[in-house]
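First the structure, in the form of structure tokens, and then the observations on it.
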Amino acid sequence: MKKLVNDPEDVVDEMLDGLVAERPDKLRRVGDSNILVRQDAPVEGEVAVTSGGGSGHEPAFAGYIGEGYLHGAASGEVFTSPTPDMFETLVREVDAGEGVVVVINNYDGDIMNLDTAVELLELEGDIDVETVIVNDDVAVEDSEYTTGRRGVAGATFALKVAGAKAAQGADLETVAETARRAIDRIGTMSMALTPCVTPEKGEPTFTLGEDEMEIGIGLHGEPGVERTELAPADEITDRLVDGVLEDLDPSGEVATLVNGTGGTPLMELYVVNRRLSERIDDTGLDHWDAWVGEYMSSLDMCGCSVTVMDLTDEFKELLSAPADSPAMTVSE
């Protein structure tokens, strides 16, 4: 399998260097670690909002570092959680005395390593940390790698909400609770047409037949709820939308996200968004905003996910608040 890499063992290191090189006035790398932070971190008078996870999900998570979004992020090896010392270093690097919120997806390895880092920080007693867990996947309740629902692309909305709340000057507990309330109003369902290929192994992480697709899949190719014959885009979209709306049961204004998993052309994502918009309109919901693109990928997997967020006036304000990061800019 062809990959645009040098040595597969260096791909994360070189990827992070490239990200910093894109905006050296905005980002900096912490020593030789896989941790990136805002160039101006720690930001005085502001709660720091951070995240992290395995690499291979770009632009998540380091791609969201910037004003109005994240203060920093830790990038593990491909599909591998950051280590406890990485999380600890990240928190220490961005804390300005107001505390740090760490928002991560619900995967056992990530939570275990973050919990260990928080325990180490508590022993020192000099930094207050709030952990927020994203569990927006409506397809699978428990999996091989999670207790409870997985965290998937809906984290994009949750991170934006948290970052905007911190930028408003809210205190630590308020930023964390706002993010948790947002997560309670977010649902996502995913599908895959093809597996992904990790740089090191150079072979698919699972198998799918030419005429097969997987519904409800996880970010790393974890099995979903059904493997079935390939269907037209509208039928696939309907399946994802039905799963999300049935679980979330929104009642007013919504924001939606059609997320590409890394190998899906924008043409096809817009086809999905067309059907998603039709379905939202058919329900009588007010389609306040629609995001389409690659927000949380799975290397080169072909597929997509559909996310719906049930909005309030507060969440509309936070989602539309100014932000400046490599992966997303929201103008005033």
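Can we say ASP142 is within 20 Å of ALA41 (Cα to Cα), at pLDDT below 95 and over 13 Å from the mean Cα position of the chain (by Cα)? Here the answer is no, as ASP142 does not meet what is asked.
Looking across the stretch 294-311, the residues that are under 16 Å from the mean Cα position of the chain (by Cα) and either within 14 Å of ALA158 (Cβ to Cβ) or modelled with pLDDT under 95 (or both) come down to TYR295, MET296, THR307, VAL308, MET309. Could you check the stretch 93-112 and list, in sequence order, the residues that are farther than 19 Å from ALA155 by Cα and in contact with an Asp or Glu (Cβ under 9 Å, 6 or more places away or on another chain)? Passing the criteria: ASP95, ALA96, GLY97, GLU98, GLY99.
The condition of being crowded, with 22+ Cβ neighbours inside 10 Å, hydrophobic (A, V, I, L, M, F, W, C), part of a helix (DSSP H, G or I) and not assigned by TED's automatic domain parsing to the domain that holds VAL100 holds for VAL241. Looking at LEU230, LEU248, just one residue is surrounded by fewer than 15 Cβ atoms within 10 Å (Cβ to Cβ), of a type outside the set (Gly, Ala, Ser) and modelled with pLDDT of 95 or more, and that residue is LEU230. If you check LEU285, LEU311 for being farther than 27 Å from PHE206 by Cβ, among the hydrophobic types (A, V, I, L, M, F, W, C) and crowded, with 20+ Cβ neighbours inside 10 Å, only one passes: LEU311.
With respect to the conditions (1) farther than 22 Å from MET309 by Cβ; (2) modelled with pLDDT under 90, GLY224 lacks only one, and its number is (1). Name, by its number, the condition in (1) in contact (Cβ under 8 Å) with a residue 12 or more places away in the chain; (2) within 16 Å of VAL244 (Cβ to Cβ) that does not hold for ASP282. Just one mismatch for ASP282, condition (1).
Residues in the stretch 123-139 that are touching a residue at least 24 places away in the same chain (Cβ under 8 Å) and either under 17 Å from the mean Cα position of the chain (by Cα) or farther than 19 Å from VAL175 by Cα (or both): THR131, VAL132, ILE133, VAL134, ASN135, ASP136, ASP137, VAL138, ALA139. Taken over the stretch 124-147, the residue count meeting the criterion of being surrounded by 15 or more Cβ atoms within 10 Å (Cβ to Cβ) and out of contact with any Phe, Trp or Tyr (no Cβ under 8 Å at 6 or more places or on another chain) is 15. Do we have ASP281 as touching a Gly at 6+ places or on another chain (Cβ under 9 Å), of a type outside the set (A, V, I, L, M, F, W, C), farther than 28 Å from GLU212 by Cβ and modelled with pLDDT of 95 or more here? No; evaluated as a whole, the condition is false for this residue. Being of a type in the set (D, E, K, R) and surrounded by fewer than 24 Cβ atoms within 10 Å (Cβ to Cβ) is the filter; apply it to the stretch 90-123 and report the residue that is nearest to GLY151 (Cα to Cα). Among those residues, the one meeting the criterion is ASP108.
Quickly run through the stretch 42-59 and pick out the residues that are of a type in the set (Gly, Ala, Ser) and either in contact with a strand residue (DSSP E or B) (Cβ under 7 Å, 6 or more places away or on another chain) or outside any loop (DSSP other than H, G, I, E, B) (or both). Full working, then the answer.
Restricting attention to the stretch 42-59, the residues satisfying the condition of being of a type in the set (Gly, Ala, Ser) are 45, 48, 51-56.
ALA48, SER51, GLY52, GLY53, GLY54, SER55, GLY56, listed by residue number.
Can you confirm whether GLU210 is out of contact with any strand residue (DSSP E or B) (no Cβ under 9 Å at 6 or more places or on another chain), surrounded by fewer than 21 Cβ atoms within 10 Å (Cβ to Cβ), outside the structural domain of TYR107 (by TED's automatic domain parsing) and assigned to a loop (DSSP other than H, G, I, E, B)? So GLU210 fits the description; yes. Taking the stretch 182-196 as the range and being surrounded by fewer than 24 Cβ atoms within 10 Å (Cβ to Cβ) and either touching a Cys at 6+ places or on another chain (Cβ under 8 Å) or without any contact (Cβ under 8 Å) to a residue 12 or more places away in the chain (or both) as the test, the residues that pass are ASP184, LEU193, THR194.
The values are calculated or read from the model by the stated rules, or taken from the named source; none is laboratory data. This one's a predicted model, so the numbers in the text were calculated from it and none came from an experiment. Note that each Cβ is placed from the backbone with ideal geometry, even for glycine, and that neighbours are counted across all protein chains shown.
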